[in-house]
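I have placed the structure first, in the form of structure tokens, so that the comments after it can refer back to it.
The values are calculated or read from the model by the stated rules, or taken from the named source; none is laboratory data. Keep in mind the model is a prediction, meaning the values are calculated, not measured. Here the Cβ positions follow ideal geometry from the backbone for every residue, glycine too, while neighbour counts run over all protein chains shown. Remember, those area values only see protein heavy atoms, side chains included, never the ligands or the DNA or RNA. Shrake-Rupley method; radii C 1.70, N 1.55, O 1.52, S 1.80 Å.
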Amino acid sequence: MAANSSSTGSKASITASGKPSGPSAEQVVASFQRMRQEQRGMASKSAELEMEINEHSLVIDTLREVDPSRKCFRLVGGVLVERTVKEVLPALETNKEQISKIIETLSTQMQSKGRELTEYRERYNIRLMGEGEEGQGQSASSSRDSEGGGSKSGAGVLVS
């Protein structure tokens, strides 16, 4: 287990991925940006699924008011199939429940990623562009993605 770079301050501890704990500033920034992008992707997917739930709710409410034997059409795998309301309504309600569960899971993952980002920011003293020492709430949407977490004074990494 030889390290490629020499470390004078302390012995480089090995993380779970097998890399030394003292990455370069470029590696820190790249890793931080990747984590932020993952969190943004989760937020985007969650918003998309919320819109699908709203659409399901609208259709379910509409179908509850019509005759159960009335024919309706449903898109299944890109194919439009003819069914009755009594066949489609339970399937829509099941889909809506499943989407809700997925949103809950995504929300938990986003919170976990937010905590991970905050810990990473504190560990490497990462400050976002526009984030001052005294005003944590003045930063743009970037700090919202990482759920706050102020920076400490000293040498750190500045991320745009």
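Scanning residues 5 or more positions from R127 or on other chains, those with amide H under 5 Å from its amide H are V157, L158, V159, with H placed 1.01 Å from N in the peptide plane. Ranked by solvent-accessible area (1.4 Å probe, protein heavy atoms only, all chains present), the residues E116, E104, E65 order from largest to smallest as E65, E104, E116. Rounded to the nearest 20, the Cβ-based charge dipole of the range 39-131 about its Cα centre (Lys and Arg +1, Asp and Glu -1) stands at 240 debye.
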